[in-house]
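The values are calculated or read from the model by the stated rules, or taken from the named source; none is laboratory data. Computed from a predicted structure; not experimentally measured. FYI the Cβ positions are ideal-geometry reconstructions off the backbone, even for glycines, and counts take in every protein chain you see. Heavy atoms of the whole protein, side chains included, go into the accessibility calculation; ligands, DNA and RNA do not. Shrake-Rupley method; radii C 1.70, N 1.55, O 1.52, S 1.80 Å.
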Amino acid sequence: MCQNCPQPQGFLAELIDNGLLIDTGVDGLYGRSGLFEEVVAQFDLLITRYGGKDGAEVARFPPAMSRHSFEKSGYLKSFPQLAGTVHSFDGDERAHAELLHNVAEGHDWTGGQKSTDVVLTPAACYVLYPVVAKRGPLKPDGALFDLQSYCFRHEPSKDPARMQLFRMREYVRFGTPEQVTEFRALWLDRGQEMMASLGVPLHVDVANDPFFGRAGRMLANNQRDQRLKFELLIPIESEEKPTACLSFNYHQDHFGTTWGIETSAGETAHTACVGFGMERVALALFKHHGYDVARWPAAVRNVLWP
Ligand code: ATP
Ligand code: ZN
């Protein structure tokens, strides 16, 4: 065991002691047990029971995206502090010997690494916009997608609900402002009904993204004032600061303009997405119903294992 590393405490320590999360030595990077994964899988099916009849196109991408698309998306303007990029060795034998020497000496060995064409996916929907743009104008009823991906955010934390790699299921709607705001309103209702059926305390509130820097504060205020982002919050790590487990985002024409996505009438498309934090919901269930799933309330078990 690492003598210098502080041992996990509180809820995180309990999750590890009960075998639900597996410590890797890095904050926010955990293995998941079979039971944890079963709860995630049953919640995934529950989402589909609510949203599956809407006719969304299902698409699953690996947890990475094109660096070129990532640069164009504007993510680095808003959230440079969260981004994760993939670099790789690209040198000759001399550079290799130098790399091994630096590793052996405990020096920084990453200086010679070159960026690849791949970055880690920051939110499941980021991969989708360039794909939809390439298909040309939307149909009159717009478009609807069902996504799920591991996502990376560089926000190491002792709070088990703030991971560096976690799964996000999303429904993403493209269309006119009316079509996408109707979609978001529908999911605000559905999301609350769905989570209430899981017997966890919750409330919905207006929210903002963690935009970077001084200019970011203005963007965050603007996002709140215009009520563009709502979160469904459940106390997990703390009672005072409940955790966003679902989010409901209206991007207006931000991605439509960035990617040149048009409606059938030739207007810039608007977009909205609802995101489900798969690990956060599983953690909320263990937090509020305990570590022994057999003893969870029958009503909750019946919803998850119908
Ligand atoms: P927070 O405000 O807690 O940083 P967020 O609202 O910025 O989260 P979104 O960008 O809206 O998160 O991501 C969609 C969903 O992904 C969130 O509702 C949440 O459930 C989940 N999520 C976001 N960040 C994390 C994380 N670090 N670890 C686990 N789940 C996360
Ligand atoms: Zn999204």
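For the stretch 233-245, 3J(HN,Hα) computed residue by residue from phi via the Karplus equation (6.51, -1.76, 1.60; θ = phi - 60°) reads 9, 9, x, 10, 7, 9, 6, 6, 10, x, 9, 6, 9 Hz, glycine and proline entered as x.
Could you give the distance between the Cα centres of the stretch 114-163 and the stretch 248-306, to the whole Å? Here the answer is 13 Å between Cα centres.
Suppose the chain between Phe61 and Asp189 were pulled fully straight at 0.36 nm per residue; how much longer would it get relative to their current alpha carbon spacing?
This chain segment gains 43.3 nm when fully extended.
Between Thr257 and Tyr50, the simple label model (points 7 Å from Cα in the Cβ direction) yields a spacing of 3.1 nm. Scalar couplings 3J(HN,Hα) for the stretch 29-34, obtained by applying the Karplus form with A = 6.51, B = -1.76, C = 1.60 to θ = phi - 60°, are 10, 10, x, 10, 7, x Hz; x denotes Gly and Pro. Spin-label model, Glu38 to Thr116: label points 7 Å out along the Cα-to-beta-carbon direction sit 3.5 nm apart.
From helices alone, the chain scores -11000 deg cm²/dmol at 222 nm; the rule is -39500 (n - 2.57) for each run of n ≥ 4 DSSP H residues, then divide by the residue total. Classified by the C-alpha gyration tensor, the stretch 94-238 has a prolate form. Its axis ratio a/c, with a ≥ b ≥ c, is 1.5 or above, and a/b is larger than b/c. Please label the shape of the chain as rounded, prolate or oblate, based on the square roots a ≥ b ≥ c of the eigenvalues of the alpha-carbon gyration tensor (a/c under 1.5 means rounded; beyond that, a/b larger than b/c means prolate, else oblate). Taking the square roots of the gyration eigenvalues as a ≥ b ≥ c, the chain is oblate. Rolling a 1.4 Å probe over the protein heavy atoms leaves His154 with an accessible area of roughly 90 Å². Each label was represented as a point 7 Å from its Cα along the Cα-to-Cβ direction; for Ala299 and Ala83 these points are 4.7 nm apart.
From the square roots a ≥ b ≥ c of the eigenvalues of the alpha-carbon gyration tensor of the stretch 194-301, which class results: rounded (a/c under 1.5), prolate (a/b over b/c), or oblate? Prolate. Structure note, pairs Lys77/Lys134; Lys134/Lys158; Lys72/Lys241; Lys114/Lys241; Lys53/Lys158; Lys53/Lys134: Cα-Cα distances above 32 angstrom occur for Lys134/Lys158; Lys72/Lys241; Lys114/Lys241; Lys53/Lys158. Put simply, the amide H of Ala269, placed in the peptide plane, has neighbours under 5 Å in Ile261, Glu262, Thr263, leaving out anything fewer than 5 places away on its chain.
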